[in-house]
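The values are calculated or read from the model by the stated rules, or taken from the named source; none is laboratory data. These numbers were taken from a predicted model, which means no experiment stands behind them. Every residue, glycine as well, gets a Cβ built from its backbone with ideal geometry; the counts of neighbours run over all protein chains shown.
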Amino acid sequence: MSMQLTKIFKSLVDIVLEERKKLPPLDAQTKEKHKFSTYVDDKHVSHGVSPEIDKIKSALVGKGIFGGSEIHQIKRELLFDYFLNGVAHEPYLAVLEKINDPIGKEIGTLPSFAEVDSWKEAISAAFDFLEINPQLQHYDDASLQKLHVRQFSVSQQARYLKTAGYKITIENGRLHLDEGDYVKVSNRIDELVKTLGGFNVYTVLINSIDKVWDEKLSRFHIGRRPTNGISKPSEPSIPWGYLFNLTVKYPYG
């Protein structure tokens, strides 16, 4: 079912949030005493220190086989739902990341969401951490777009299709185009090549692909050319083979 894990996680966060409204806020002394700090061990590895981190680990680690792929799936779905549909990502994304951050290599030993009490305990500790350490939150639009370039870029392209009337869904951490709409998009591309004429499109493609010619290696670099995603976003890959095939299919329009 679409976004089922994400819906369960969000419902757990909402329950904890409602329960916390009935509790008194953390006092200044507790906040000061529990502030996040780091230290570097003799192997030059940095470690975070916080009672809340310890509570998260105690609540979740070693209690199941749930973990990495599921957590990352939920994170991607929260981001896609926000970038594509404008659905609020807070406080869910911040809580999820604060649970995920300290788990490390033990990420695959978490309990399933059926263990409600364990997850509520971890979520509550994550809320405490966020309340005590607001300076560690970076969830404004600019930061999210910079830190999650791929999800943002893919969502921007999907939004174009959605605006054009195509159905886009979020499933298993990915964006999906309805099968019937996939055929419509394919047919629409065929129509555009027919209208422009294969020879004309071929000329444009040749002029464009020339930009990725490597003189030293005597070859075109037509594959994906990723960046670090921070200094410069990765550009969408161009399906050169597919487009050249269409020019041959409709040479005269």
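Checking H89, H44 one by one, the residue that is outside any helix (DSSP H, G or I) and either at pLDDT below 90 or of a type in the set (S, T, Y) (or both) is H44 and no other.
Within segment 222-234, is there a residue that is over 26 Å from T195 (Cα atoms), surrounded by fewer than 12 Cβ atoms within 10 Å (Cβ to Cβ) and at pLDDT 80 or above? No: zero hits. Could you look through segment 133-165, keep only residues that are among the aliphatic types (A, V, I, L, M) and assigned to a helix (DSSP H, G or I), and pick out the one that is modelled with the lowest pLDDT? Looking at the filtered set, the residue picked out is L136. Against the list (1) touching a Lys or Arg at 6+ places or on another chain (Cβ under 8 Å); (2) over 30 Å from R20 (Cα atoms); (3) aliphatic (A, V, I, L, M), the condition A126 fails is (2). Hey, does segment 141-155 have a residue that's without any contact (Cβ under 8 Å) to a residue 40 or more places away in the chain and of a type in the set (V, I, T)? Within segment 141-155, not a single residue is without any contact (Cβ under 8 Å) to a residue 40 or more places away in the chain and of a type in the set (V, I, T). Got at least one residue in segment 148-158 being outside the structural domain of L60 (by TED's automatic domain parsing), touching a helix residue (DSSP H, G or I) at 6+ places or on another chain (Cβ under 6 Å) and of a type in the set (F, W, Y)? The answer is yes; a qualifying residue exists. Scanning segment 94-127 for residues that are touching a residue at least 60 places away in the same chain (Cβ under 8 Å) and in a helix (DSSP H, G or I) yields V95, L96, V116, W119, K120, E121, A122, I123, S124, A125, A126, F127. When residues in segment 175-222 are screened for being of a type in the set (S, T, Y), out of contact with any helix residue (DSSP H, G or I) (no Cβ under 6 Å at 6 or more places or on another chain) and more than 19 Å from Q157 (Cβ to Cβ), 3 of them pass.
Here's the yes/no breakdown for (1) among the basic types (K, R); (2) surrounded by 15 or more Cβ atoms within 10 Å (Cβ to Cβ); (3) within 21 Å of the chain's Cα centre (by Cα):
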{"residue": "A122", "(1), (2), (3)": "no, yes, no"}
{"residue": "A126", "(1), (2), (3)": "no, yes, yes"}
{"residue": "F129", "(1), (2), (3)": "no, yes, no"}
{"residue": "P134", "(1), (2), (3)": "no, no, no"}
{"residue": "D140", "(1), (2), (3)": "no, no, yes"}
{"residue": "H148", "(1), (2), (3)": "no, yes, yes"}
{"residue": "Q151", "(1), (2), (3)": "no, yes, yes"}
{"residue": "Q156", "(1), (2), (3)": "no, no, yes"}
{"residue": "Y160", "(1), (2), (3)": "no, no, yes"}
